[in-house]
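This report concerns only the one structure given below.
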Amino acid sequence: MQHHTRHGNKADAGFSLLELMVVVVILSILALVIVPRVIDRPDQARAARAQSDIAAIANAVQLYRLDNFRYPTTEQGLEALRTAPTTDPVPTNWAQAGYIDRLPIDPWGQPYQYLFPGVHGDFDVFTFGADGVAGGTGADADIGSWTDS
C-alpha cells in the first residue's frame with residue numbers, strides 16, 4: 001500500500017500582500033461612501049421617536065378633552081393625563097385609568113412641554129431638541145405637535 005501525501009507549494013499558502021491590500025482599499029472606499037450616509041441616522045432616529053411620543057401624548061390630550069370638554073391647563077400640565085388634577089378647573093369626568101400609562105421623556109432626557117392654549121394649535125406638545133433651548137436647527141430644532149415629519 002502506498003501512502004500518498006500531498007505537499008502544496010509554499011507560495012500557495014495564505015493570501016499575498018497584494019491581495020490583502022486590494023481588500024483593504026475596497027473596504028476603505030466602501031467606508032468612505034457609506035459612513036457619511038449613516039452618521040446622521042442617530043439624530044434622525046431621535047427626532048422620529050420624539051415625533052411618535054408627541055403624537056401619543058397629543059392623542060391622550062384629545063381623549064382628556066372628549067371626557068372633560070376641555071383641555072388640561074398649562075398649570076395642570078401633562079401630569080393631568082396620569083393623575084386627576086386637583087386644581088381648577090377640576091375635571092368632572094376624569095377616566096379612572098388615566099389617559100396615558102406613563103409620560104415619556106424626550107430622547108435627550110428632558111420632559112415634554114405642554115402649552116394651552118397653544119401657539120400653533122389648540123394646544124402644543126413639544127420638545128426643545130438636543131440643546132434644550134427654544135429654536136435651533138438640525139438636532140437642536142424644536143419638535144412639536146405642529147411639526148410635519
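The values are calculated or read from the model by the stated rules, or taken from the named source; none is laboratory data. In this text, all values refer to a predicted model and were calculated from it rather than measured experimentally. Ideal geometry is used to build each Cβ from the backbone, glycine not excepted, and the neighbour counts take in all protein chains shown. SASA here: full protein model, heavy atoms, side chains in, ligands and nucleic acids out. Shrake-Rupley method; radii C 1.70, N 1.55, O 1.52, S 1.80 Å.
Here are some notes:
- Evaluation of D101 against the conditions (1) modelled with pLDDT under 95; (2) acidic (D, E); (3) farther than 29 Å from A45 by Cβ shows that the sole unmet condition is (3).
- Among the conditions (1) surrounded by 11 or more Cβ atoms within 10 Å (Cβ to Cβ); (2) in a loop (DSSP other than H, G, I, E, B); (3) free of Cβ contacts under 8 Å to residues at least 40 places away in the same chain; (4) within 25 Å of the chain's Cα centre (by Cα), R102 misses just one, which is (1).
Each row is one residue, and each column tells you yes or no for (1) over 19 Å from the mean Cα position of the chain (by Cα); (2) touching a residue at least 40 places away in the same chain (Cβ under 8 Å); (3) under 30 Å from P42 (Cα atoms).
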{"site": "F69", "(1), (2), (3)": "yes, no, no"}
{"site": "P72", "(1), (2), (3)": "yes, yes, no"}
{"site": "T92", "(1), (2), (3)": "yes, no, no"}
{"site": "D106", "(1), (2), (3)": "no, yes, yes"}
{"site": "Q110", "(1), (2), (3)": "no, no, yes"}
{"site": "Q113", "(1), (2), (3)": "no, no, yes"}
{"site": "G121", "(1), (2), (3)": "yes, no, yes"}
{"site": "A134", "(1), (2), (3)": "no, no, yes"}
{"site": "T147", "(1), (2), (3)": "no, yes, yes"}
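- For M1, the criteria (1) assigned to a helix (DSSP H, G or I); (2) modelled with pLDDT under 75 hold in every case but one, which is (1).
- Qualifying residues in the stretch 63-81 (those that are charged (D, E, K, R) and part of a loop (DSSP other than H, G, I, E, B)) - the one least open to solvent (accessible area, probe 1.4 Å): R70
- Against the conditions (1) farther than 17 Å from R46 by Cα; (2) open to solvent by less than 50 Å² (accessible area, probe 1.4 Å); (3) modelled with pLDDT of 90 or more; (4) not acidic (D, E), P117 satisfies every one except (2).
- Here Q96, Q51 are screened, and the one residue that is surrounded by 13 or more Cβ atoms within 10 Å (Cβ to Cβ) and modelled with pLDDT under 95 is Q51.
- Candidate set: the stretch 136-145, residues that are part of a loop (DSSP other than H, G, I, E, B) and within 15 Å of the chain's Cα centre (by Cα); chosen: the one surrounded by the fewest Cβ atoms within 10 Å (Cβ to Cβ): A141
- As a summary of the residue check, A130 satisfies the conditions (1) at pLDDT below 90; (2) surrounded by fewer than 17 Cβ atoms within 10 Å (Cβ to Cβ); (3) farther than 12 Å from Q51 by Cα except for the one numbered (2).
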